[in-house]
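This report concerns only the one structure given below.
Just so it is clear, none of the values below were taken in a lab; they were calculated from the coordinates. Because the structure is a prediction, the values reported are computed rather than measured. Every residue, glycine as well, gets a Cβ built from its backbone with ideal geometry; the counts of neighbours run over all protein chains shown.
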Amino acid sequence: MANQKLVMANWKMNTTYSEAMVLISGVLRRCEDLENVKIVFFPPSIWLVPIKEQYKQALLGAQNIYSFAQGPYTGEISAEMLRGIAKYALVGHSERRTIFNEDDSLINAKLHAAFRANLIPVMAVGEEEPIKIENLTDEQILDKITSSILGKSLLASTRGLKSDQWEKLIISYEPIWAIGTGHNASGEYAARVIRSLRQIIKKEINETIASDISILYGGSVTRHNAADYAGYKTIDGVLVGGASLKIAEFSSIAESFSVSNKWDKSNEVS
Ligand code: PGA
């Protein structure tokens, strides 16, 4: 992908209208001079249009989409409706999977719907419990992940994607045990798992996509641990929940990624 790290703000079901406007304007102001980093905001869908109208420069994503373009689906928003408003769409977040019972086949349908509407999907996958990877070789970790929910979910959720879609897809590796808990995965753990995900993609899809696809980490990222992730070339950025609601905190996370340039990660896939 581009020579830029991605720092994404998932506001979840937070912010009133005025809080949303204060938050976005504060972050945009604090981060306007940052180089080598692309910041994407996922506000509640109801604030997408007012934000878009007032801050044309903001890159926006939807926190959720439905798999159909229109119809009798009360309360849902389709990817088609987001054309011209949002550029990205989050699919497969663990809160959608667990609280709203979304399974891999629905997520797969949403992924295809996003591509049909020209949105860039950010697909989240993650395991429920920490994987015991200490003292294991990369090969052993790969075996473990391939046969785990994580590996299976990655492939089931992306079924039927064409290679030009794989080229656009962004994956966010989000261990469920780390989301909103304050127990973040270490940079080393995240990097080792992400390398395995690239290996799975290399085997199932192809080497170029495995190397070029953007894979982020998400789960209790703060200003204190962001630099740890930014230090690994295989980690293309972060998806931030709780800490994205504070202007100074989130801007400082973005700064950590701005100072770390995109390294050549070609030797990380083989
Ligand atoms: P968190 O959320 O940063 O609050 O752990 C991350 C996420 O849900 O993507």
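Find, among the trypsin sites (Lys or Arg not before Pro) in region 92-185, those assigned to loop by DSSP (not H, G, I, E, B) with at most 14 other beta-carbon atoms within 10 angstrom.
K132, R159, K162
Contact order normalised by length for the chain, with contacts defined as Cα pairs under 8 Å and 6 or more residues apart; what percent is it?
23
Per DSSP H run of n ≥ 4, the term is -39500 (n - 2.57); total these for the chain, divide by its residue number, and report the mean residue ellipticity at 222 nm rounded to 500 deg cm²/dmol.
-11500 deg cm²/dmol
Can you give the local net charge around K168? Use residues other than it whose beta-carbon is closer than 12 angstrom to its beta-carbon, Lys and Arg +1, Asp and Glu -1.
-1
Under 10 °C and 1.306 mPa s, how fast does the chain diffuse according to Stokes-Einstein, given a Kirkwood radius computed over C-alpha pairs? Answer in µm²/s, whole number.
In µm²/s, the coefficient rounds to 86.
Could you list the GluC sites (Glu not before Pro) in region 1-76 that lie in coil according to DSSP, counting only those with at most 13 other Cβ atoms within 10 Å of their Cβ?
E32, E35
Hand me the tally of lysine pairs in region 140-270: alpha carbons under 22 angstrom apart, and the pair either on different chains or 8 or more positions apart.
Value for region 140-270: 21.
Using DSSP to define loop residues, name the chymotrypsin sites (Phe, Trp or Tyr not before Pro) in region 1-102 whose beta-carbon has at most 16 other beta-carbon atoms within 10 Å.
Y55, F68, Y73, F100
Over the alpha-carbon set of region 100-173, divide Rg by the Kirkwood Rh and report the Rg/Rh ratio to two decimals.
1.03
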